Structures are given as structure tokens and as C-alpha cells.
Amino acid sequence: MGFNIQPYGIQSMLKEGHKHLSGLDEAVLKNIDACKQLSTITRTSLGPNGMNKMVINHLDKLFVTNDAATIVNELEVQHPAAKILVLAGKAQQEEIGDGANLTISFAGELLQGAEELIRMGLHPSEIISGYTKAINKTVQILDDLVEEGSETMDVRDKEQIVSRMKAAVASKQFGLENTICSLVADACIQVCPKNPANFNVDNIRVAKLLGGGLHNSTVVRGMVLKSDAVGTVKQAEKAKVAVFAGGVDTSATETKGTVLIHSAEQLENYSKTEEAKIEELIKAVADSGAKVIVSGGAVGEMALHFCERYKLMVLKISSKFELRRFCRTTGSVAMLKLSQPNPDDLGYVDSVSVQEIGGVRVTVVKNEEGGNSVATIVLRGSTESILDDLERAVDDGVNTYKAMCRDSRIVPGAAATEIELAKRVKDFSFGETGLDQYAIAKFAESFEMIPRTLAENAGLNAMEIISSLYAEHASGNAKVGIDLEGGCKDVSTLSIWDLHVTKLFALKYAVDAACTVLRVDQIIMAKPAGGPRRGEQPAGADED
């Protein structure tokens, strides 16, 4: 039998099973340690030569990627402090779409600096005030580093777009960035509305088809549906489109009724009227000028028979999100039930055809004239995981385009900005009095993590590179960054630029996350409740 020891102290106040951690060693340093572990995972996949991670989630789905946002999403991070970093990375991914890795790695580096300062005897609140001063200074310095003349850009000029997008895409797919950037830039220019600030990321779709290689990828003005046409009519040119959300079939009556049939003639007439009814509906659709019927649900046998007779092409789109996009592409209005459509409700397509790409039948819906229509990038690749990774690179490119539509200022890439920031923040710390100058100096040192990681991932000697970068920057070349072939070069000749907004938000979020973690001094955890885990999707829920 166990001894019944009465709990004492805080334990006696809380229900049993509670954990209570307090003090520097138990709470603060443990939190910092968890965050450092998370940032060591993402750090090795920073930059163009970043390593891939293989993550297998709880549903046995395999991810092979070096995109930090995907990695931390699929790792089920349990530790509450590390979750704060994950949230910062997610916020960056939602806001800008690139730079999640920078956010998480930089926050981890800041916390590591904080740990050394705490061991030296600084109080966390002094570190926080130092970090806050430093980030405010950093924001000012970033504005000075902006390349002149980059405030204005023509968002329809492919060269300017590619130069700004290259760095974001290269960090995901190094060596393929030129191909991907030109695909993404073409697609973005096609769907860019009159006012670029209203650019909608959802208007650029990605269709992933196995087989071929990246050089077979194309941009389609319109949509690519991964399904075959239902009937025998496989193509239509310059056609009007009728969209029925509910499906094309005989409509059952609202009320239940019983029909008493006395003789065989009545039975024959009964089924004939049913046929005649459908034929009348389909004929009404055909008479309205529509050549293509798109159905959101099932297409009945008999309805299909009459569609064939009137030479109508029938497509079936079961996902309602796809159906909405289809309506956006063609400019049609989805009708609820099968009836004669109004001329205003009809959409228009230039061509609809079923093509076979890599053994898969796809329906290509092209719409050249439409204004803010949808563009689809058809990606080809040899395996599923390569395609997924290409899709992430395209996503980053599109998001970067959206960001540059709002703010097109650029700063030198390839760690040139970071070293310059480190140098200037370091100088700033010498002018400060008080204990937070140590925190500001640590903040400046944390910037070295980026060139160091880039160099290590590329297999170069990090110490040499950082010292030669500092030497270059001290002599006034503020645009010298790492050349991945080895050594240092002026970034403007290599044309590696990063968006100013990406850097700004990544550093801001990182400092916020780090300060939030440092502000915690006690952790009080309740005993987890039984029952199903929170946050899991109910069975059968779609990820869309």
C-alpha cells in the first residue's frame, strides 16, 4: 500500500495531476531548450542548399520537403513554448508566404543568445527590453538598405518579377528556379487584375500530373480538371456553358404520392411522360445555346442519353470549390436544378477538350478573353513527392508576387543584408548604456546564424566566409553576400534580391515569439483530460 502523503505548497492548492514548473532552471531554460530543438530542425533546410526533411505524419502520409512551414505543420509539436515558434512561422507563411524558416531559425538563435545571457546573470526582462530596442533599430536600418529605384515596379514586366521571385523559389528548388519563375510569372501576369493590390492567390491553380519532367510543364489560361468528360462528346469550341449545382437527373417530386395503374397502356404512358419530361428539360438547355453542361452531382442515365442526342458535352465536377472556380473562370452562374437557363446565367469558354497527359485523362478548359480569370500551372514530375515539392515552390512564388504587388522594395539577398544588419546593430549596442547593451550585442550576433547556415549547408567553411563578409562590409561594400560556389561576391551582379516585406515581417515575428517565450517564468499544466484528442479532424473531413 502507498503512503498517503498530504501535498504541500502549490500542489495542495491545485487538483492532483497538475504539474507546476517555476524558476529559471525549470521553466525558462526548458522552454528555451525546446525552441532551440525546433529551430535546429528547420535550420538545416534554410537556403538554396538546404537539406530535405522526411516527415511522416500520423496518417502515414510522407512529406519530403525543405519548406519549413510544411515541416513544422506536420510535426505535431507538443511543447507549449515550441508551439509559439510554430505559430510565428505559420503567421509568416499566411502573411507573406515565404520566410517561415527565417522566422523560426532566427527566433531559436535569439533564444540561444538569451540563454547565454541568463547564465551570465541577466534578468529576462532586461533581455526583452534589449531585443525590443534592437528590432526597432533593425527596422530603421532595413529601410536604409533598400535598393534605390525599387519602390516602383511594373507588376506586368516579367523580368522585374522574376528578379524578385528568384530567391524565394530558389530556396525551395535550387537549380530549377529559372524554369519555375518564368511559369509563375506568366501565370501571375495573366490573372493580375487592373489594381494589382487586389491580386488573389486562389486564381492560380496547380495541376500535378505524373510523368515527364519539369521542362514539360505549361501554363494554361483557364482550368485543368482531373477528370474525363462523362459522355462521348469530348470537345467543344467557343461554347456557352450551363452549370447545374445539383446534378442532371430527373427531379424526384417534393411530395410522396402513390399512383394506381389499372392497365398496361397507362403504365406505358407513365414511363413515356417521364422520358418526355427529361427530353423537354435537356432540349430547353440545348435551345438556350449551351453546348456544355457542367454538373455538380450525378448525371442520370436517361439524361445522359438525351444530352448525347442533342450533342451536348457533359462534365462532372464533384468538388464544390472546383465548381466555384469553374464558374469564376467561365463567368457563369450555377443553377440549382435542371431547368431552362437564362442567357445571363450562361458562361463562355473558348475551348473545352479532353486530353491525355501522361496516361491521365484531363479536361482542359481554356478561356483567353476573360478578364480576371483563373490560370493553371500544369506541373510534371516523376514522383508524387517531387510534384508536391514543386507545388510548394510555385506557391511561394505566387505569394511573393502578391507581396510585391503591395510593396515592391527589395534588399540584397544571399545574407548580405544580414551581415550589414549585424554590423550596424553591433555599433548601435556600443552607444547604449545599461545592461540591455549586452542583449543588443547578442541580437546582432544572432544575424550571423544566417550566413553561417547558408555556408554550412553549401559545404563551405563558415568561419572564413563570415570573417571575409565582415571585412568587405567594414570597407563599405554593403551588398556583398555569399556566393554558393565559394567565396563572396557583390549580390547585385548575381541579381539575388529578397523582398523587404519578407525580411521585415520574419524578423518582427521572430522577435515577438522569442520575447513571448522569455516572458514566461512559470508553467502550470493541468492533467490532460481523457476522451478523443482535440484538434483532430472528424473522420471523413476533407482537407480543403
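The values are calculated or read from the model by the stated rules, or taken from the named source; none is laboratory data. All of these numbers come straight from a predicted model, not from anything done at the bench. Ideal geometry is used to build each Cβ from the backbone, glycine not excepted, and the neighbour counts take in all protein chains shown. The area values use the complete protein model at the heavy-atom level, side chains included, leaving out ligands, DNA and RNA. Shrake-Rupley method; radii C 1.70, N 1.55, O 1.52, S 1.80 Å.
Take the residues in the stretch 107-162 that are closer than 30 Å to residue 200 by Cβ and among the charged types (D, E, K, R), then tell me which one is modelled with the highest pLDDT.
Ranking the candidates gives 143 first.
Select from the stretch 314-361 the residues that are of a type in the set (Val, Ile, Thr) and assigned to a loop (DSSP other than H, G, I, E, B) and write down the one among them that is surrounded by the most Cβ atoms within 10 Å (Cβ to Cβ).
The qualifying residue surrounded by the most Cβ atoms within 10 Å (Cβ to Cβ) is 317.
In the stretch 168-187, how many residues are open to solvent by 40 Å² or more (accessible area, probe 1.4 Å) and in contact with a Pro (Cβ under 7 Å, 6 or more places away or on another chain)?
Within the stretch 168-187, residues that are open to solvent by 40 Å² or more (accessible area, probe 1.4 Å) and in contact with a Pro (Cβ under 7 Å, 6 or more places away or on another chain) number 1.
Please go through the stretch 204-249 and give me each residue that is of a type in the set (S, T, N, Q) and at pLDDT 85 or above, ordered by number.
Within the stretch 204-249, 216, 217, 218 qualify.
Being at pLDDT below 85, surrounded by 16 or more Cβ atoms within 10 Å (Cβ to Cβ) and either of a type in the set (A, V, I, L, M, F, W, C) or at negative phi (or both) is true for just one of 101, 49, 31. Which residue is that?
One residue alone meets the criteria, 49.
Would you check which residues across the stretch 410-466 are on the phi < 0 side of the Ramachandran plot and assigned to a loop (DSSP other than H, G, I, E, B) and list them?
Residues satisfying the conditions are 413, 432, 433, 435, 447, 448, 458, 460, 461.
Looking only at the stretch 416-472, how many residues end up being surrounded by fewer than 19 Cβ atoms within 10 Å (Cβ to Cβ) and of a type in the set (Phe, Trp, Tyr)?
Qualifying residue count, the stretch 416-472: 2.
Give me the residue from the stretch 215-229 that is part of a loop (DSSP other than H, G, I, E, B) and of a type in the set (Ser, Thr, Tyr) and, out of that set, surrounded by the fewest Cβ atoms within 10 Å (Cβ to Cβ).
227
Could you tell me which numbered condition residue 373 fails, if it satisfies all but one of (1) part of a loop (DSSP other than H, G, I, E, B); (2) out of contact with any helix residue (DSSP H, G or I) (no Cβ under 9 Å at 6 or more places or on another chain); (3) under 30 Å from residue 160 (Cα atoms)?
It fails just one condition, (2).
Could you tell me which of the residues 391, 368 is surrounded by fewer than 20 Cβ atoms within 10 Å (Cβ to Cβ) and not in a helix (DSSP H, G or I)?
Exactly one residue qualifies, and that residue is 368.
Scan the stretch 193-214 residue by residue and report those that are assigned to a strand (DSSP E or B) and open to solvent by 20 Å² or more (accessible area, probe 1.4 Å).
Scanning the stretch 193-214 gives 205, 206, 208, 210, 211.
Does residue 125 count as in the same structural domain as residue 35 (by the TED database), buried (at least 20 other Cβ atoms within 10 Å of the Cβ) and more than 30 Å from residue 213 (Cβ to Cβ)?
Against the criterion (in the same structural domain as residue 35 (by the TED database), buried (at least 20 other Cβ atoms within 10 Å of the Cβ) and more than 30 Å from residue 213 (Cβ to Cβ)), residue 125 does not qualify.
Check off (1) out of contact with any strand residue (DSSP E or B) (no Cβ under 7 Å at 6 or more places or on another chain); (2) open to solvent by 10 Å² or more (accessible area, probe 1.4 Å); (3) of a type outside the set (Asp, Glu); (4) farther than 19 Å from residue 388 by Cα for residue 190 and give me the number that stays unchecked.
All conditions are met except number (1).
Could you tell me which of the residues 165, 153 is within 29 Å of the chain's Cα centre (by Cα), among the aliphatic types (A, V, I, L, M), more than 30 Å from residue 516 (Cβ to Cβ) and open to solvent by 20 Å² or more (accessible area, probe 1.4 Å)?
153
Is there a residue in the stretch 473-486 that is of a type in the set (Ser, Thr, Tyr) and not in a helix (DSSP H, G or I)?
yes
Mind checking which residues of the stretch 58-95 are in a loop (DSSP other than H, G, I, E, B) and either open to solvent by 20 Å² or more (accessible area, probe 1.4 Å) or closer than 30 Å to residue 521 by Cβ (or both)?
Result: 58, 59, 60, 61, 75, 76, 77, 78, 79.
Inside the stretch 230-282, can you point out the residues that are open to solvent by 100 Å² or more (accessible area, probe 1.4 Å), assigned to a helix (DSSP H, G or I) and touching a residue at least 12 places away in the same chain (Cβ under 8 Å)?
Once the filter is applied, which keeps residues that are open to solvent by 100 Å² or more (accessible area, probe 1.4 Å), assigned to a helix (DSSP H, G or I) and touching a residue at least 12 places away in the same chain (Cβ under 8 Å), the stretch 230-282 yields only 277.
Can you go through 311, 291 and tell me which one is of a type outside the set (Phe, Trp, Tyr), at pLDDT 85 or above and assigned to a loop (DSSP other than H, G, I, E, B)?
The unique qualifying residue is 311.
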